[in-house]
Amino acid sequence: MKKKRLKLTCVLSFAVASTLFNLSDLNISYANQNNIQETNLVEKNSEDKFIQELNRYKTEIPNFKGFNVWILGDKGYYKNLINLEEIKNIQATLKKERNEEYVFVKLNGKIAHDTTVFLMNKKHKLLKNIEEFKTITQKRLTERGKFPYDTVHSTFEIKDENFIMERLKSSGLSMGKPVDYMGVNGIPIYTKTLSIDNKFAFENNSKDSSYSSNINISEDKIKENDQKILDLIVKSGANNQNLTDEEKVIAFTKYIGEITNYDNEAYRARNVDTEYYRASDLFSVTERKLAMCVGYSVTAARAFNIMGIPSYVVSGKSPQGISHAAVRAYYNRSWHIIDITASTYWKNGNYKTTYSDFIKEYCIDGYDVYDPAKTNNRFKVKYMESNEAFENWIHNNGSKSMLFINESAALKDKKPKDDFVPVTEKEKNELIDKYKKLLSQIPENTQNPGEKNIRDYLKNEYEEILKKDNLFEHEHAEFKESLNLNESFYLQLKKEEKKPSDNLKKEEKPRENSVKERETPAENNDFVSVTEKNNLIDKYKELLSKIPENTQNPGEKNIRNYLEKEYEELLQKDKLFKHEYTEFTKSLNLNETFYSQLKEGEMKLSENPEKGETNTN
């Protein structure tokens, strides 16, 4: 179904580094650390020895004019071309100027790099290796109260193989600023803050103290907000375990659209006012009921993860080319884009549709999607940027891990990998043999349209199975169901062929096709009326409307393909012979019967609990 366009007025300056919601800045992962030499602090009792080493070191530098001083975490040199006596007093100078204590550091085993000497704030941590960073990060996340240092530095690239920054961001949180990189005299320096922040309060720190005072958000505050989100889930009815994940997404999205309003004042004040940040943070929906696109998205992503629907926040461009945010959610064995912001428009417009249908039409999968790490952007508007590497991590770790903080709030834990369990090689081969057997019963060069359609479809599925290294349980079930359906269809087709035509005398041979009929003049009473023909066309349209155009169900796809061919054939006929009318009617009734049987089978399957979901309460 083609998605219609809504005018979205959500603006975010994603391109402004370290200012707004910048997804690319936070997409970091661990690198391999090779050939890292000793990196350590110069202890207090070793400072005199350090100065002596510097004194010897300067004699080895041709045309030495003085030392430069760089403080880890700064953006430029603190001092340039100073003598050794000034180096001796540099700590006292810093103490006086910054009211902080600083220590000398050796980076990669060297007291200086070219003529640059390095110092670090004593409250910070200098990392020796990647394992130390992993340990410290985990400790920081479990000890969210007082922590001995809030910033770490390293000479190796800090990467985040567990997607900590992405997971925090999808809950409206951050761990301070993104990793900062500076290259100084050939040595890389990476700096990372370790605070757990309300992302937008952190970024608005200098603008409004009443808002930014709650930067280092507490675990209790997160739990309190999660309870409010849970209340929204319950009120929306999305906690009903009889609903499918897709129905839960629709129910929650619909409810949020009903009880909140888009913050137009914040939109008009974008980038310059605290209200813009308030409308984008994790409390915008739960506390204010006024939000912009990021506020809607972080609330919905966290709600979906609480419900056991793996989700994260994505960014891109609206249909009008404005920076926009939405949710990427996993259900029905695939990822979908949910535009929560659009849910607020139904109550303010004249849409000739139900609210639930509006959500399906305007809020779900209305964007092109691409992964900037894999392909170049081919779109100018109406797109969202996915993260395949992150999705692969979620595939194995699930929705509960996406909550990151307060995981006990999860109603379910869904791991997408549990949707993809392979059948045994024996089961796969048995299915292949059944396809071969049925194919062998249908002549390869058959001229019967029904047989030809069935054979072509079976052959395509047969070849598709052969190409698969792994055949998953759900695929096996769908192929098996399609095989049984085609077999029933074929048997019914052969049965109908044996029946004498109602329009022919028993001693007459059946007419082969309508083309031969038209070779000889026909009387008007050989044709059905225009009304009868149109009624038949309407019946085809009605049955086709019940089967989704983009269905992935092999059985539905088979029936729809067959119906579409016959429907097009009907439309092309100026007049419809009576015997053709009878054949089309029989085929339509047969397809309708098979479709009803298919849906009955799905109903029975849906009574079983979904695999891969574990109730955590």
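A few comments on the model shown:
- Selection of region 406-416 for residues being buried (at least 18 other Cβ atoms within 10 Å of the Cβ) and of a type outside the set (S, T, N, Q) yields ALA409, ALA410, LEU411, LYS412, ASP413, LYS414, LYS415, PRO416.
- When the criteria are applied in full, GLU451 fails the requirement of being modelled with pLDDT of 55 or more and surrounded by fewer than 15 Cβ atoms within 10 Å (Cβ to Cβ).
- When the test is whether a residue is at pLDDT 95 or above, in a loop (DSSP other than H, G, I, E, B) and crowded, with 24+ Cβ neighbours inside 10 Å, ILE309 passes it.
- Of all the residues in region 508-545, those that are modelled with pLDDT under 90 and surrounded by fewer than 10 Cβ atoms within 10 Å (Cβ to Cβ) number 10.
- For the residues SER280, SER343, SER315, the requirement of being part of a helix (DSSP H, G or I) and either within 30 Å of ALA409 (Cα to Cα) or in contact (Cβ under 8 Å) with a residue 12 or more places away in the chain (or both) singles out SER343.
- Counting only strands (runs of 3 or more DSSP E) that fall entirely inside region 350-437 and contain at least 3 residues that are in contact (Cβ under 8 Å) with a residue 24 or more places away in the chain, the qualifying elements are 383-385, 412-414.
- Checking the stated criteria, ILE322 turns out not to satisfy the condition of being modelled with pLDDT under 95, surrounded by fewer than 21 Cβ atoms within 10 Å (Cβ to Cβ) and under 29 Å from ILE164 (Cβ atoms).
- GLY601 meets each of the listed conditions (1) surrounded by 14 or more Cβ atoms within 10 Å (Cβ to Cβ); (2) modelled with pLDDT of 85 or more apart from (2).
- Within region 326-362, being aliphatic (A, V, I, L, M) and in contact with an Asp or Glu (Cβ under 6 Å, 6 or more places away or on another chain) holds for ALA326, ILE337.
- GLU592 being more than 34 Å from the chain's Cα centre (by Cα) and without any contact (Cβ under 8 Å) to a residue 12 or more places away in the chain: no
The values are calculated or read from the model by the stated rules, or taken from the named source; none is laboratory data. Just so it is clear, the model here is predicted, and its values are computed rather than measured. FYI the Cβ positions are ideal-geometry reconstructions off the backbone, even for glycines, and counts take in every protein chain you see.
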